[in-house]
Amino acid sequence: MASKIRHIALRAEDPAKLSAFYANAFEMTVVGRNESTGSVFMSDGYLNLAILKNRHEMPPGLHHFGFQIDDM
């Protein structure tokens, strides 16, 4: 069974600033924003990246990741 990481979610203090880094360093593009939460959603056409506004009770960093699998 082949599986591939297709989604990563990160927590960040400044999602807009971090999204600028990913756009510049990895040529990812912004595909969506949630203005009420400050989250930014990006893609390189294969991998989706969600940069979530950090809540103070949790440290910045990896929030979750998702795999695409061929068959359960």
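Taking the residues in the range 1-14 that are open to solvent by 60 Å² or more (accessible area, probe 1.4 Å), in contact (Cβ under 8 Å) with a residue 12 or more places away in the chain and not hydrophobic (A, V, I, L, M, F, W, C) as candidates, determine which candidate is nearest to ARG55 (Cα to Cα). Spell out the reasoning first.
Of the range 1-14, the ones open to solvent by 60 Å² or more (accessible area, probe 1.4 Å) are 1, 3-6, 13-14.
With the extra rule that they be in contact (Cβ under 8 Å) with a residue 12 or more places away in the chain, the set shrinks to 1, 3-6, 13.
Now narrow it down to the ones that are not hydrophobic (A, V, I, L, M, F, W, C): 3-4, 6, 13.
Details: SER3: 31, LYS4: 28, ARG6: 24, GLU13: 8 Å.
Within the range 1-14, the match that is nearest to ARG55 (Cα to Cα) is GLU13.
Would you point out the residue of the range 15-72, among those that are among the β-branched types (Val, Ile, Thr) and part of a strand (DSSP E or B), that is most open to solvent (accessible area, probe 1.4 Å)?
VAL31
The values are calculated or read from the model by the stated rules, or taken from the named source; none is laboratory data. For clarity, every value in this text was computed on a predicted model and none was experimentally measured. Positions of Cβ are backbone-derived with ideal geometry, glycine not excepted, and every protein chain shown enters the neighbour counts. We work out accessible area using only protein heavy atoms, side chains counted, and drop any ligands, DNA or RNA first. Shrake-Rupley method; radii C 1.70, N 1.55, O 1.52, S 1.80 Å.
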